[in-house]
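Read the structure below first, then the notes.
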Amino acid sequence: MTENNTNSNGDETPERVVGTPTDDKPVVTGEPRPEEEHAGPYPASETHFNSEEQQRAGERVASVWFILAFLGGMGFLVSYFLFTPGQIADPQLGQYSNMLLGGTLTLSLFGIGAGMTVWARKVMPHYEVSSPYDELPSSDQEKGSFSDFFMQGADESGFTKRPLMRRTLILAMVPLGLAPIVLLRDTGPLPGDKLKNTPWENGRRMYVEGTHRYVRAEDLENDPYGMISALPAVDDEHYPHGISLNDSAKSVILLIKMPAEDWQSGMEEDIEVDGEVAPRLNWTHNGIIAYSKICTHVGCPAALYERTTHRILCPCHQSTFDASDAAKVVFGPAHRPLPQLPIGVDDEGYLIARGDFTEPPGPTFWDYAKD
Amino acid sequence: MSKTTQAPKALRGVGNFIDDRFHAAKMGEKNLRKVFPNHWSFMLGEIALYSFIILLVTGVFLTLWFKPSMMEVVYDGPYERLNGVVMSEAYASTLHIDFAVRGGFLVRQIHHWAALIFVASLVVHMLRVFFTGAFRKPREINWIIGVVIFTLAMLEGLFGYSLPDDLPSGMGVRILQGVMLALPLVGTYISMFLFGGEFPGEDIITRLYMLHVLAIPALLLGLIVAHFMILWHQKHTQYPGPGKTDKTVVGTPMFPGFAVKAGGFFFFTFAVTAGLSAFVQINPIHLFGPFTPTSITSGLQPDWYMGFMEGSLRIFPNWFDFQIFGYAVPIGVLVPGLIVPGIIFGGLGAWPFLEQWITGDKEAHNVADRPRNAPVRTAVGVAGITFYGILWLAGSNDIISETFSISLYVTTYIFRVLAIVGPIIAFIVAKRICLGLQRRDRETLEHGYESGIIQQLPSGEFIEVHKRNSEETTEVLASKPEITSTALTEPETDDKGVKNPEARKAKGRLRRALAEWYTKDNVSLAGVEPHSGHHLHHSDEVVKEHASH
């Protein structure tokens, strides 16, 4: 704002940097009018009027804006009734309704804003006035007087002099202060081991996610690099309403088919399922392995699978897990591999779980590794 | 302009009615005469205020139909494409607002756009206050209120974004819950209590709704009123210029000029918001489908003000995660989830006091600094913006990777490096620019401004004629304060040769070092007389001096 090279010594003009105001036009609108005509709230010396002609022009322009705003507002009311609620159910018509309503509303609002601005700039006089900031701080006398009054009152009340009363009052406040916190206790259950158990158990079949169709091993047979997202098949007496969002949020799995030669050393690591210890590879079936689909970082579904590299990628924060190597983290912010679900096949050829996950699924939490 | 009209009878009646009960005439006139300094940057906070009003009005409208319930329903409604789909009542009622309530779609979009504009204008307003030092005494408390408003506005926006229960919004809640679980010891408890059990449970939308429409808006409203009353009482800061001092404020009075201009500006703000909502679609939840915890789409982006959190979650590596006695401490979630926002918001809140401690400046300031005249503060601010901006960009690294065909992992590495190196470079560059501008100011003050006129001297040499600055420019340039610190001016030893005990302690030494850092490279105006430079005069003497160069 300081580089406004306002040319103040106007007598020897023509030299002027391009873009600076010329001297013949005053920077502030209007010509100061003779003082005797002035009747505004501030001294005339500070006030710059618009001439009567300018004011009249301003009035006209502002009125045009206000009329446009009026038309916009009327248009808005008309647009509302132009469509029935049934019509806007069609997304295309709904879009038109939205544009008409919004467009007319915009016109109406903009017209009022523009009209008011023209009013302020062209009709009103322009002036700047000064006014003092408050003195800070208070004078010593005021402060002293306040302090004396306060202390006299405090002494009179006996709050300082009578400790028994003061301390018992404070004591009385303590349980009341705790009450609102205690009242929040029933907002939810204690964690217990809820985050560590899922509906998966030995012998439970699985549904293809979003259907009620059991997964068979052959479903992945035709595609040596296939991937299926699956949920536990729960339709027994424990789950009368089917699987809940809570249960599906923690039990959803990725079934991935892997050619035998692609397994890596991580698969030889021993894991324990229901007391039985065996290498990870033993808990797969025919090259099919099951991992939790929920990322161990902050819980998005790690739903992207790149078949050629066996990488599972979470699209939220790009944690990347190697499906051929016990779902170890190969990149990104997650720290813990995706838990593996031990699987097998039942007599009828359906894939089943052979126990729960090897570790709690979902975001890592404080005591996930504790039993 | 004829003579003043007398107040109409009806108005006098109302005025007397009120005055009989409140004795309001004197106070009323004082407030009508309240002075508002003029500068475009003072309108940024106004945009935030007006957006907040738009949010309140449109929000009330939306509550008439929105059902904050996670009860599962099979959709059978006007939006045919989703008929038969299982969804929460929250999502179904949002579809109802969009496709069965005339103007509902528009108001929902105005609400969303106004939220984005609210946070954006609030941030830019805050940057203006920071860079001009308008947070200095006596306005530190109002600054802190502003920082709290910023924090609450972000939460308010996040919770509002979560209410429709569409796929991306549910994923935002999931990430929030994942970050909560990472808290040592208490994480699982907080999550269980907030969600009424496991994720997603059946309560979270109802609870977020209460926070979004009642608790946080009430707090925001209270804080905004306090912010405004403090501002009203202390009056605005103003930029340096003739007659503008720490004792006197210069500007347009509230009535009639400012009131009409501000009123018009409210309508402009609303018009822009409405125009965006009419023609630029935002958050089309009907295209995303209802939330399920098992599905996701790629390229998910949060609202802009959450981008920096998303970015820091993406780029912070897992190298520092550890276990202690078998308990997990996921540093890779805790740092981006808590420490990064802690540094940003805590740093903002603490800065006025830190700066005061470094400089020892206990004076009240009503004239704002020009950013260049406080180079270290400006450079710290620019470094902060850079840090925030890089995290924000990192929040869309998948889109950057796809758009520019860069490997996804490479973008992560680039952002990791930039998040550390970027702010340092930004600090150095911004400070150098400030110092350069200060030197140019000093030169302009001494020599006048470059007129653009080339003059040929008798010797054949060409010079550019410098001309006198306007009085205002001179005043502004000469107003540059010296950057000093009492830590450097206090004598290290007293008159008996005993070392100042304060300066000897670690805290004193730290303060001295910081003061050194804050004040060095000061471009002093000491000894500079306005228009004393030789370029101004056209006399032969000067020409000769020129020729001898």
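Since every read-out is calculated from the coordinates, none of them should be taken as a lab result. Quantities reported herein were computed from a predicted structural model and do not represent experimental measurements. Positions of Cβ are backbone-derived with ideal geometry, glycine not excepted, and every protein chain shown enters the neighbour counts.
Find how many whole Å separate the alpha carbon centroid of the stretch B:259-335 from the alpha carbon centroid of the stretch A:141-165.
Going from one Cα centre to the other spans 52 Å.
Percent relative contact order of chain A, based on C-alpha pairs within less than 8 angstrom and at least six residues apart?
On the way: 539 pairs, mean separation 43.5, N = 371.
12 percent.
Can you list the lysines whose alpha carbon is less than 16 Å from that of B:Lys261, not counting same-chain residues fewer than 8 positions off?
Candidates past the 8-residue exclusion: A:Lys122, B:Lys34.
Calculate, for A:His212 and B:Ile144, the FRET efficiency according to 1/(1 + (r/R0)^6) with r their C-beta to C-beta distance and R0 51 Å; round to the nearest 0.05. Display every interim value, and only then the final one.
On the way: r = 57 Å, r/R0 = 1.11.
Efficiency, from the Cβ-Cβ distance: 0.35.
Taking θ as phi - 60°, what are the ³J(HN,Hα) couplings along the stretch A:293-298 by the Karplus curve (6.51, -1.76, 1.60), each to the nearest whole Hz, with x for Gly and Pro?
Karplus-based 3J(HN,Hα) across the stretch A:293-298 equals 8, 8, 5, 7, 7, 10 Hz.
Is the shape of the stretch B:290-335 best called rounded, prolate or oblate, per the rule: a/c under 1.5 gives rounded, else a/b larger than b/c gives prolate, else oblate, with a ≥ b ≥ c the square roots of the Cα gyration tensor eigenvalues?
Values: a/c = 3.08, a/b = 1.67, b/c = 1.85.
It is oblate, given that a/c is not under 1.5 and a/b is not larger than b/c.
Ranked from highest to lowest mean number of other Cβ atoms within 10 Å per residue, what is the order of the peptides B:43-50, B:221-228, B:296-303, B:10-17? Provide the component values of the computation, followed by the final result.
Values: B:43-50: 20.2, B:221-228: 14.6, B:296-303: 16.2, B:10-17: 10.9.
Final packing ranking: B:43-50, B:296-303, B:221-228, B:10-17.
Taking the Cβ-Cβ separation of B:Trp65 and B:Ser298 as r and a Förster radius of 41 Å, what is the calculated FRET efficiency to the nearest 0.05? Show your work: numbers first, answer last.
Details: r = 32 Å, r/R0 = 0.78.
Efficiency computed from Cβ-Cβ geometry: 0.80.
Under 8 Å for C-alpha pairs, at least 6 residues apart: give me the relative contact order for the stretch B:60-188, rounded to a whole percent.
On the way: 94 pairs, mean separation 23.3, N = 129.
RCO, the stretch B:60-188: 18 percent.
Checking a compactness column here: for the stretch B:58-184, what do you get for Rg(Cα) / (2.2 N^0.38 Å), N being the number of residues?
Details: Rg = 18.9 Å, N = 127, 2.2 N^0.38 = 13.9 Å.
Compared with the compact-globule rule of thumb, the stretch B:58-184 sits at 1.36.
Rounded to the nearest whole Å³, what is the per residue volume of the convex hull around the Cα atoms of the protein assembly as shown? Please list the in-between numbers first.
Numbers: hull volume 262.2 nm³, N = 920.
Cα convex hull per residue, to the nearest whole number: 285 Å³.
Counting other C-beta atoms within 10 Å, and keeping those with at most 12, which DSSP coil trypsin sites (Lys or Arg not before Pro) do you find in the stretch A:267-370?
Details: sites: A:Arg280, A:Lys293, A:Arg307, A:Arg311, A:Lys328, A:Arg354, A:Lys370; in loops: A:Lys293, A:Arg307, A:Arg354, A:Lys370.
Filter output for the stretch A:267-370: A:Lys370.
Add -39500 (n - 2.57) for each DSSP H run of 4 or more in chain A, then divide by its residues: what number comes out at 222 nm, to the nearest 500 deg cm²/dmol? Spell out each step's value before the answer.
Values: 5 runs with 105 residues, N = 371.
Here the helix-only value at 222 nm equals -10000 deg cm²/dmol.
Could you tell me the relative contact order of the stretch B:317-420? Use alpha-carbon pairs under 8 Å, at least six residues apart, and round to a whole percent. Don't jump to the answer; show the numbers that get you there.
On the way: 42 pairs, mean separation 14.1, N = 104.
RCO, the stretch B:317-420: 14 percent.
Can you tell me the FRET efficiency between B:Ala7 and A:Tyr42 if r is taken as the Cβ-Cβ distance and R0 is 22 Å, rounded to the nearest 0.05?
Details: r = 19 Å, r/R0 = 0.85.
Calculated value: 0.70.
What does the average come to when, for each residue of peptide A:108-117, you count the partner chain Cβ atoms lying within 10 Å of its Cβ?
Working: counts 4, 10, 7, 2, 7, 10, 4, 2, 10, 7.
Mean shielding count: 6.
Give me the distance in nm between label points sitting 7 Å out from Cα along the Cα-to-Cβ direction at A:Ala369 and B:Glu72, one decimal.
Label at A:Ala369, label at B:Glu72, 3.6 nm between them.
Pairs of lysines 8 or more apart, or on different chains, with alpha carbons under 22 Å: count those in the stretch B:402-527, would you?
Working: B:Lys431/B:Lys480; B:Lys431/B:Lys520; B:Lys467/B:Lys480; B:Lys480/B:Lys520; B:Lys496/B:Lys505; B:Lys499/B:Lys507; B:Lys507/B:Lys520.
Summing the qualifying lysine pairs gives 7.
Find, among the GluC sites (Glu not before Pro) in the stretch A:231-304, those assigned to loop by DSSP (not H, G, I, E, B) with at most 10 other beta-carbon atoms within 10 angstrom.
A:Glu237
Which lysines, if any, have their Cα less than 29 Å from the Cα of A:Lys370, not counting same-chain residues under 8 positions apart?
The reachable lysines, counting only those whose Cα sits under 29 Å from A:Lys370, are A:Lys194, A:Lys196, A:Lys250, A:Lys293, A:Lys328.
Residues of A:185-195, mean number of Cβ from any other protein chain within 10 Å of their own Cβ, rounded to a whole number? Spell out each step's value before the answer.
Numbers: counts 1, 2, 8, 12, 6, 4, 10, 2, 0, 4, 6.
That average works out to 5.
Using DSSP to call loops (not H, G, I, E or B), can you name the chymotrypsin sites (Phe, Trp or Tyr not before Pro) in the stretch B:333-427 whose Cβ has at most 12 other Cβ atoms within 10 angstrom? Before the final figure, lay out each step's value.
Details: sites: B:Phe345, B:Phe353, B:Trp357, B:Phe387, B:Tyr388, B:Trp392, B:Phe404, B:Tyr409, B:Tyr413, B:Phe415, B:Phe427; in loops: B:Phe404.
Within the stretch B:333-427, the qualifying chymotrypsin sites (Phe, Trp or Tyr not before Pro) (loop, at most 12 other Cβ atoms within 10 Å) are B:Phe404.
Provide the gained length on full extension for the span B:Phe320 to B:Ala478, in nm with one decimal, where the gain is 0.36 nm per separating residue minus the Cα-Cα distance. List each step's numbers first, then the result.
Numbers: separation 158, 0.36 × 158 = 56.88 nm, distance 5.20 nm.
Extra length from B:Phe320 to B:Ala478 when fully extended: 51.7 nm.
With a ≥ b ≥ c the root eigenvalues of the C-alpha gyration tensor of the stretch B:214-283, is it rounded (a/c under 1.5), prolate (a/b larger than b/c) or oblate?
It comes out oblate by the Cα gyration axes.
In whole Å, what are the extents of chain B along the principal axes defined by its C-alpha atoms, from largest to smallest?
Dimensions of chain B along the principal axes of its Cα atoms: 94, 79, 62 Å.
Across peptide B:71-80, what mean number of C-beta atoms from other chains lies inside 10 Å of a residue's C-beta?
Values: counts 0, 3, 0, 0, 0, 0, 1, 8, 4, 3.
Whole-number average of other-chain Cβ neighbours for B:71-80 is 2.
Rounded to the nearest Å, what's the spacing between the alpha carbon centres of the stretch A:81-140 and the stretch A:340-359? Just the number, please.
A separation of 63 Å, based on Cα centres.
List the lysines whose Cα sits under 17 Å from the Cα of B:Lys30, skipping any in the same chain fewer than 8 residues away.
Partners found: B:Lys235.
Restricting to DSSP H runs of at least four residues, report the calculated mean residue ellipticity at 222 nm for chain B, -39500 (n - 2.57) per run over all residues, nearest 500 deg cm²/dmol. Working shown, then result.
Values: 23 runs with 319 residues, N = 549.
When only DSSP H runs of four or more count, the value is -18500 deg cm²/dmol.
Please report, ordered by residue number, every helix of chain B (full DSSP H runs) that is 20 Å or longer along its axis going by C-alpha atoms and whose mean Kyte-Doolittle hydropathy reaches 0.0. Present the calculation step by step, with values, prior to reporting the outcome.
Numbers: long enough: B:43-63 (30 Å, 2.02); B:104-131 (40 Å, 1.41); B:140-162 (33 Å, 1.38); B:167-181 (21 Å, 1.10); B:216-234 (26 Å, 1.69); B:259-279 (30 Å, 1.46); B:340-359 (27 Å, 0.92); B:375-394 (28 Å, 1.33); B:408-447 (54 Å, 0.64).
Qualifying helices: B:43-63, B:104-131, B:140-162, B:167-181, B:216-234, B:259-279, B:340-359, B:375-394, B:408-447.
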